[in-house]
Every structure is written in structure tokens, then in C-alpha cells.
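The block underneath contains the structure these notes are about, expressed in C-alpha cells.
The values are calculated or read from the model by the stated rules, or taken from the named source; none is laboratory data. Not measured: the values here are computed from a predicted model. Here Cβ is always computed from backbone atoms with ideal geometry, including for glycine, and neighbour counts include all displayed protein chains. We work out accessible area using only protein heavy atoms, side chains counted, and drop any ligands, DNA or RNA first. Shrake-Rupley method; radii C 1.70, N 1.55, O 1.52, S 1.80 Å.
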Amino acid sequence: MKVQSSIDSALEGIHDGATLMVGGFGLVGIPEKLILGLREKGVKGLTVISNNCGVDDCGLGILLQNRQIRKMVSSYVGENREFERQFLSGELEVELLPQGTLAERIRAGGAGIPAFYTPAGVGTPLAEGREVRCFNGREYLLETGLVADFALVKAWKGDGMGNLVYNKTSRNFNPMMATAAKVTIAEVEELLEPGGLDPAFIHTPGVYVQRVVRCDDYEKRIERRTVRA
């Protein structure tokens with residue numbers, strides 16, 4: 001059965017030292033209930049692949065505060081003071097990537113593509129000591145596909161077969177991460193019976209999803225609130 005009765009059962013098998021992909025962009029589309037479940041589970045030494053690392057008191061930031069993350073593979077980390085502190089003190093290993101490169105490495109991993117070339121990063125410290133080749137007069141940097149032990153994704157609607165539909169921009173990294181892990185765990189706001197989703201509008205087919213858990217009581221957080229002076 002793909003449908004799980006609790007967060008605990010959905011997270012079963014995640015172990016110390018696991019590699020996780022975690023969907024979301026900023027605080028939009030993050031699997032916040034699964035992240036809270038990881039905090040309670042207490043697994044440590046995690047490698048987390050995610051666009052960013054939440055903020056200090058929300059999203060992946062709570063795992064940082066709990067010293068559960070060993071390494072982050074990200075493209076933007078500017079909203080988290082604890083992230084900065086741990087990185088500068090040497091407590092946290094960080095691999096920073098151009099955002100498009102991160103997205104394509106995840107997509108490639110899900111598609112079974114072991115590596116690809118990209119012009120992003122050529123001539124920068126990212127390319128130091130790495131393979132660069134010239135195609136049609138332009139230099140390209142070799143990047144490898146990314147895969148994970150588990151992917152934690154957030155969807156708007158799902159069904160008992162694991163088919164998923166995302167809500168507008170909360171789609172972001174979730175669909176590609178769902179394809180690039182050995183086990184994909186989906187947190188959904190609405191859980192329908194098989195056949196309840198229009199197949200023409202399904203974003204992630206259920207073949208990629210091993211577990212689904214329905215959650216509620218969401219808070220619509222604003223990552224950075226600004227007001228007119």
C-alpha cells in the first residue's frame with residue numbers, strides 16, 4: 001500500500017547518513033510535515049539536496065538547528081543565519097551550484113543520464129580541477145547526475161496510486177526530485193481515490209512514488225516580509 005497512515009510510517013527506513021532530496025523553493029512547496037517528522041525521528045549525518053535550506057525556524061532550517069545535516073547541496077543559502085554560522089565554523093559541508101545546474105543534475109539523475117556538459121561555471125572556481133571540454137569553439141564543464149536514497153516532495157493533490165498534482169509555483173523542484181530517488185515520499189494536502197485525478201493534468205505519475213501521506217494544518221509562511229517605507 002502506498003498510502004501511509006502517519007508521518008512516522010511514511011519516513012520508515014530513513015537512516016543516519018542517508019542522502020535526501022527535498023522539494024521546494026524558498027518556503028514554497030516544501031514538505032514541511034515530513035521535515036518536522038525527520039526532526040522528531042532524530043536521524044543525523046544527512047546529505048540534503050535542495051534548492052535552499054529554509055530559514056532559521058522553518059523548513060530545513062530546523063534540521064540544521066538540530067545538527068542533523070552533514071552536507072547541503074544547494075544553489076541559494078542566503079536566508080539562514082544558522083547555515084552561515086555552521087558553514088563558517090566548518091560544521092557543515094556545502095556544495096553550491098548554479099540553480100540551473102542543480103535542476104539539470106537532478107533531472108539527469110532521474111532520467112538515468114550519468115553526466116552532461118554545461119557552460120555554466122566555466123572559468124569560475126566551480127571548474128577548478130574538473131573536466132572541461134570544448135565543443136564548437138565553446139568550453140563546457142562536466143557535471144554528473146544526482147540521485148538520492150529518498151526524495152521528500154510536497155503536492156497539492158494525490159491519489160492512492162501515487163499520482164501527484166502540484167499547485168502553481170509550488171511545483172518547482174518537486175517533480176524532478178520525485179524521479180531521482182530510490183524511494184519517493186509525497187506529502188499531499190488532498191488525497192483522492194484512484195481515478196479521482198484527471199490523467200491529463202497529472203504532473204508526477206504514480207510509478208515514481210512509493211509512499212503518500214495526507215497532511216493538513218498548513219501555515220502560509222512569508223520568507224521575507226517587506227513593507228513600503
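How about segment 139-168: which of its residues are over 16 Å from the mean Cα position of the chain (by Cα), assigned to a loop (DSSP other than H, G, I, E, B) and hydrophobic (A, V, I, L, M, F, W, C)? Correct list: M161 only. Being within 21 Å of R224 (Cβ to Cβ) and assigned to a helix (DSSP H, G or I) is a description that applies to L64. Is one or more of the residues making up segment 90-107 more than 28 Å from D216 (Cβ to Cβ), out of contact with any Gly (no Cβ under 6 Å at 6 or more places or on another chain), open to solvent by less than 50 Å² (accessible area, probe 1.4 Å) and free of Cβ contacts under 8 Å to residues at least 24 places away in the same chain? Yes, segment 90-107 contains a residue that is more than 28 Å from D216 (Cβ to Cβ), out of contact with any Gly (no Cβ under 6 Å at 6 or more places or on another chain), open to solvent by less than 50 Å² (accessible area, probe 1.4 Å) and free of Cβ contacts under 8 Å to residues at least 24 places away in the same chain. Among the residues making up segment 127-141, those that are within 29 Å of A181 (Cβ to Cβ), touching a Leu at 6+ places or on another chain (Cβ under 7 Å) and open to solvent by 40 Å² or more (accessible area, probe 1.4 Å) are R130, E131. When segment 169-178 is filtered for residues that are part of a loop (DSSP other than H, G, I, E, B) and either at positive phi or not hydrophobic (A, V, I, L, M, F, W, C) (or both), only N172 remains. As for segment 131-138, it holds no residue that is assigned to a loop (DSSP other than H, G, I, E, B) and either touching a residue at least 12 places away in the same chain (Cβ under 8 Å) or touching a Gly at 6+ places or on another chain (Cβ under 7 Å) (or both). Would a scan of segment 154-162 turn up a residue that is touching a residue at least 24 places away in the same chain (Cβ under 8 Å), aliphatic (A, V, I, L, M) and open to solvent by 50 Å² or more (accessible area, probe 1.4 Å)? Yes, that holds for at least one residue.
The sole residue among V3, V22 that is within 19 Å of L164 (Cβ to Cβ), open to solvent by 40 Å² or more (accessible area, probe 1.4 Å) and of a type in the set (V, I, T) is V3. Number of residues in segment 142-153 that are within 24 Å of I35 (Cα to Cα) and open to solvent by 50 Å² or more (accessible area, probe 1.4 Å): the value is 1.
Note on segment 95-132: among residues that are within 15 Å of the chain's Cα centre (by Cα) and aliphatic (A, V, I, L, M), the one that is farthest from L60 (Cα to Cα) is A108.
Could you please tell me which pairs satisfy a Cβ distance under 8 Å, a separation of 6+ or placement on different chains, a first residue in segment 179-195 that is in a loop (DSSP other than H, G, I, E, B), and a second residue that is charged (D, E, K, R) and open to solvent by 30 Å² or more (accessible area, probe 1.4 Å)? Going by the 8 Å Cβ cut-off, the qualifying pairs are T179/R107; A180/R107. Looking at A111, A115, can you tell me which residue is open to solvent by 20 Å² or more (accessible area, probe 1.4 Å), farther than 30 Å from W156 by Cβ and of a type in the set (G, A, S)? None of the others qualify; the one that does is A115.
Table: residues versus (1) at pLDDT 95 or above; (2) surrounded by 11 or more Cβ atoms within 10 Å (Cβ to Cβ).
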{"position": "E193", "(1), (2)": "yes, no"}
{"position": "I202", "(1), (2)": "yes, yes"}
{"position": "P205", "(1), (2)": "yes, yes"}
{"position": "D217", "(1), (2)": "no, no"}
{"position": "V227", "(1), (2)": "no, no"}
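Looking at L27, L88, L20, which is the one that is on the phi < 0 side of the Ramachandran plot and modelled with pLDDT of 95 or more? Unique residue meeting the criteria: L20.
Yes or no, residue by residue, for (1) open to solvent by 40 Å² or more (accessible area, probe 1.4 Å); (2) in contact with a Pro (Cβ under 7 Å, 6 or more places away or on another chain); (3) under 30 Å from L142 (Cα atoms); (4) touching a residue at least 12 places away in the same chain (Cβ under 8 Å):
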| position | (1), (2), (3), (4) |
| --- | --- |
| L36 | yes, no, no, yes |
| K44 | yes, no, no, yes |
| N52 | no, no, yes, yes |
| C58 | no, no, no, yes |
| Q68 | no, no, no, yes |
| E82 | no, no, no, yes |
